[in-house]
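Presented below is the structure to which this report refers.
The values are calculated or read from the model by the stated rules, or taken from the named source; none is laboratory data. Nothing here was measured: the structure is a model prediction, and the numbers come from that model. Using ideal geometry, Cβ is built from the backbone for each residue, glycine included, and neighbour counts are taken over all protein chains shown. For the accessible areas, the whole protein counts, side chains as well, though only heavy atoms, and no ligand, DNA or RNA atoms are used. Shrake-Rupley method; radii C 1.70, N 1.55, O 1.52, S 1.80 Å.
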Amino acid sequence: MRDVRVIVWGIGSMGSGIGRDLLLNKKGVSIVGAIDADPAKIGKDLGEIMGTGSKTGITISDDPDAVLSQPADLVFLSTSSFTREVYPCLKKIIASGKNVITTAEEMAEPTVNCPDLANKLDILAKERGVTVLGTGVNPGFVLDTLIITLSGVCQTVDRIKAARINDLSPFGPTVMKTQGVGATKEEFLEGVETGLIVGHIGFRESISLIAGAIGWELDRIEETREPILSSVERETPHVRVKPGEVAGCRHIARGFMGNREVITLEHPQQIHPHLENVKTGDYITIEGTPTITWSDESEIPGGIGTIAVAVNMMPRVINASPGLKTMLDLPVVSAHMGDIRKKITKLD
């Protein structure tokens, strides 16, 4: 039985992590191509850029068409957070006849912000006989799939409240910009007004997935964003924050049926929260019959979690019927510690 052949498009924090996980932890998978637009990475061995300590024989290319022309079963796409920005890449991947998993947050439920593009992707994927999934740790798991799964033991659900307090430090420059990390307070507020600073990308997608699964018809979703100002200096490989500057965003989203707030999701996230004695964690309360409370006071790590969910969904996506999918359309995600090929039914 041959290996599952994979292409990695986007060799940033998430793409490199996905590549390392595939190379170091997964049996039965071979990376056959790598794509990136960064001139500093083009022409270099994938192992060198990912920091594996050994060469892979895969040279990073800035020519998607050339890389996608070779045989592969699936492409991991990690280039942007927004559906409209990844849409051209997704079209190329689908046209080449390959399944795709993207970590673009809006793709967790693209019909929320881009129903026109979601419909086009679904049609294209079905025509080419491939599957498209957007996923990650959040959206994709903590504040939607996990909540929905926990609700399965409830006879009734009255209200859902959840919070994810996490460390942004593992993420790359794209996430830092959308969170306003490194900005002044004035720049943050202006960025929120202009749409350059969006905070957590995926609240509307998560709330829509939850409501749809439970059977609630929401009338509106409201969001608030406030800057988290640092009193100490903080630094990651991608950004430096001085005292008085923005270290992150306190973002809250609320889903309403009429005037009743039925879903509340909070996501205050910042780089190195421990420097100001802020504890990370994930907390879920489902008020109903029975009331369910769940917590993880150490936080599911954002970077590792996103990488793991994306990689672990690979067999589900390859086995799935063609079309655009969400996490609710596919079997429950699980870790894969054995030979991944044994989990796949569609492998010639």
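Data table
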read-out	value
Accessible-area value, Leu218, 1.4 Å probe, nucleic acids and ligands omitted, Å²	50
Segment Arg20-Asp329, length gained on full extension (0.36 nm per residue, minus Cα span)	108.5 nm
Modelled FRET efficiency - R0 25 Å, Trp216 with Lys279, Cβ distances, 0.05 increments	0.20
Heavy-atom SASA rank of Met176, Met14 (probe 1.4 Å, accessible area, largest first)	Met14, Met176
Those lysines that a straight Cα-Cα span of less than 20 Å connects to Lys177, excepting residues fewer than 8 apart in one chain	Lys185, Lys242
Karplus 3J(HN,Hα) series, Hz, for the stretch 23-32 with 6.51 cos²θ - 1.76 cosθ + 1.60 (x for Gly, Pro)	6, 9, 10, 10, 9, x, 10, 10, 7, 10
Integer Hz, Karplus 6.51/-1.76/1.60 couplings in order for the stretch 244-258, x for Gly and Pro	x, 8, 7, 9, x, 10, 9, 10, 10, 10, 10, x, 10, 10, x
Listed pairs Lys161/Lys279; Lys41/Lys342; Lys26/Lys98 exceeding 23 Å between Cα atoms	Lys41/Lys342
Where Glu226, Glu205, Glu190 fall by accessible area, highest first, once all protein chains stay in place (1.4 Å)	Glu190, Glu226, Glu205
Sites Asp296 and Asn259, calculated FRET efficiency, Cβ-Cβ separation with R0 30 Å, nearest 0.05	0.40
Rel. contact order, % - alpha carbon contacts under 8 angstrom, at least six apart, the chain	21
Amide hydrogen neighbours beyond the local backbone of Lys98, cut-off 5 Å, H modeled	none
Potential extension, Lys242-Thr149 segment - 0.36 nm per residue separation minus Cα distance	29.4 nm
Probe 1.4 Å, accessible area per residue of the stretch 24-142, Å²	40
Label-to-label distance, nm, for residues given as Ser69 and Glu193 (7 Å Cα→Cβ offset)	5.0
Under Karplus coefficients 6.51, -1.76 and 1.60, residue-wise ³J(HN,Hα) of the stretch 259-276 in Hz, glycine/proline x	9, 8, 7, 9, 10, 10, 10, 10, 8, x, 10, 7, 7, 6, x, 4, 5, 10
Accessible surface of the chain, 1.4 Å probe, proportion on carbon and sulfur as whole %	50
Accessible-area value, Glu48, 1.4 Å probe, nucleic acids and ligands omitted, Å²	110
Extended-chain gain in nm, criterion 0.36 nm per residue less alpha-carbon gap, Asn119 and Lys342	77.1 nm
